[in-house]
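Take a look at the structure below.
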Amino acid sequence: MGSLPEPIEETNYKKPPGIKFLEGAKKTAFSYKTYQAIVLIVTFFAYAAYHATRKTTSIVKSALDPQTIEVELNSPWLRGYAQNSRQNLRGSWVLGSGWYPFDGPSGTELLGYIDVAFLFVYASGMYFSGHIGDRMDLRIFLTVGMVGTGLFTALFGVGYWANIHVFYYYLIVQMLAGLFQSTGWPSVVAVVGNWFGKKKRGLIMGIWNSHTSLGNITGSLIASGLLKFGWGWSLVVPGLSIAFIGLVVFLLLPVNPESVGAGNDEEDDDLSPEKEWKEVTEPLLQSDSSEESAVGFIEAWKIPGVAPFALCLFFAKLVAYTFLYWLPFYISHTAINGRYLSNEESGNLSTMFDVGGVVGGILAGYISDRLDARAMTAASFMYCAIPALFFYRNYGHVSMPINIILMLITGAFVNGPYALITTAVSADLGTHSSLKGNSRALATVTAIIDGTGSIGAAIGPLLTGYISAKSWGAVFTMLMGAALVAGLLLTRLVISEVATKIQNSRSQGEPRSQQSPVNLV
């Protein structure tokens, strides 16, 4: 283990080839802020591509379920349609859905197994990805993950033209896609955390985290639009797209200021990235190799705040990913103002949940920055998600405008804390003071938090597959209970933050002569 840091130091000082080319053409090095902009833009589109490929299976779920197709084609609500409308609907289903991917009496159950297998491999792989990511060049690691994700996402769709009806083919391909997907989040959060200090991190990463929702929206629209040409296209096109963006990452992404020699060039008074970088790197340069080694898995779990936030995210992602994988299906099976929507319409409407998620993520980041209270903000959003879920379930069917408004509100409260914990909180804890200046814990801490959350993301859709067969009301009860538990898990941290606020307000009210000298150090 002691020999691992040596190759890392060698690669850290190699500029990405695209950066070398652009700076060579310009004949001058980029400014610190330019590098920051490149990092935000490249990582934004990189992880948006990850989520676009992840969203596709939820859109094609109804198209791949023979039971759903048969039930919907013969359901009573179709009798009210004009004959030409029924023919159009049937034609659309035949083109997009009349090809069963695997033999078996229960398409829904088998599709559920594929979802769960993907998510469990993704969650397990997350722990290993963070461990590896802190020990190698994140640019290379992220590129391999994106190209691999694109390959296996496309191979799932290739089964449409190859006429493959073997369940285990799709299961194995989806599991391998989940393994490569796990490389994404620890890598992009670590890179952004390397470039941005704690000040305004919540707002910046809240805005940046909209890539999750943008990726979901893009994936939904692409998959829904391509269904009529055959469900295979709904997977191959996003797969090729993420592989292409992976090449862009390889060419342009600087993983930290040292990799481009920008560590000590400029002073950014607002965000103070250089100052924070100096504070982190100078102790490393003065320490021995054992102190520079990446933080271990168990050691990372012991960082104050990691365990409660990880467990909170378990339940937060349980709620969020249940919507991610089942919302289009739920919409298509729930009459809105007496009308059932088609698969394509349901997929398009479900994007409103992600639009609300963008607003929620930015709002949560901004509030947490202003209050300097991450736990308080996350817990408050989770508690507000409970009534939002209740109203969406009970009143979302009244009319389309009410459905959209309630879906936007639900998306904001569900995705707000999810976004905050996986971005700003993970970056904060990855540079926690207990690490004594060791910056090589970002990917590991991020992987622990998001990996634990991803286990909940696997359990939520799995339980929904069983519970929804009996009652969608029971599904929403489960989601409200999960939101409640998520908030309660942060209680100790919330109390600590409130106590700190009270103490600070009291100390600010005291005359300067009465304040403790310790506070001035």
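We did not get these values from a lab; they are worked out from the coordinates using the rules stated. What you see is a predicted model, and the numbers here were worked out from it, not measured in a lab. Counting neighbours? That spans all protein chains shown, and the Cβs are built from the backbone with ideal geometry, glycine included.
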Please rank F229, F180, F120, fewest neighbouring Cβ atoms within 10 Å first, as an exposure proxy. F229, F120, F180
Based on the alpha carbons, how large is the Rg to Rh ratio for region 353-434 when Rh follows Kirkwood? 1.08
Net length gained if the chain between I402 and V166 were fully extended (0.36 nm per residue, minus Cα distance): 80.7 nm
Applying 1/(1 + (r/R0)^6) with R0 = 41 Å to the Cβ-Cβ distance of F244 and I298, what FRET efficiency is obtained, to the nearest 0.05? 0.60
Plugging the Cβ-Cβ distance of F391 and E345 into 1/(1 + (r/R0)^6) at R0 = 25 Å yields, to the nearest 0.05, a FRET efficiency of 0.65
Can you put M407, M205, M480 in order, fewest other beta carbons within 10 Å first? M480, M407, M205
Taking 310-318, 465-473 and ranking on average Cβ neighbours within 10 Å, highest first, one gets 310-318, 465-473
Karplus ³J(HN,Hα) for region 42-50 (6.51 cos²θ - 1.76 cosθ + 1.60, θ = phi - 60°; Hz, whole; x = Gly/Pro) runs 5, 5, 4, 6, 5, 7, 4, 5, 4
Packing rank of 121-128, 338-345, where each peptide gets the mean count of other beta carbons within 10 Å, highest leading: 121-128, 338-345
Would you mind ranking V236, V425 so that the residue whose beta carbon has the fewest other beta carbons within 10 Å leads the list? V236, V425
When the convex hull of the C-alpha atoms of region 377-416 is computed, what volume per residue in Å³ does it have? 42
Expected vector for region 376-393, Karplus 3J(HN,Hα) from phi with 6.51, -1.76, 1.60 and θ = phi - 60°, integer Hz, x for Gly and Pro, equals 4, 5, 4, 5, 4, 5, 5, 5, 5, 5, 5, x, 4, 5, 4, 5, 5, 5
Computed FRET efficiency, Cβ-Cβ of T334 and Y466, R0 25 Å: what is it to the nearest 0.05? 0.85
Once amide H atoms are built 1.01 Å from N in the peptide plane, which residues 5 or more positions from I336, or in another chain, come under 5 Å H to H? L341
Fully extended contour minus Cα-Cα distance, from F21 to R492, at 0.36 nm per residue: 164.5 nm
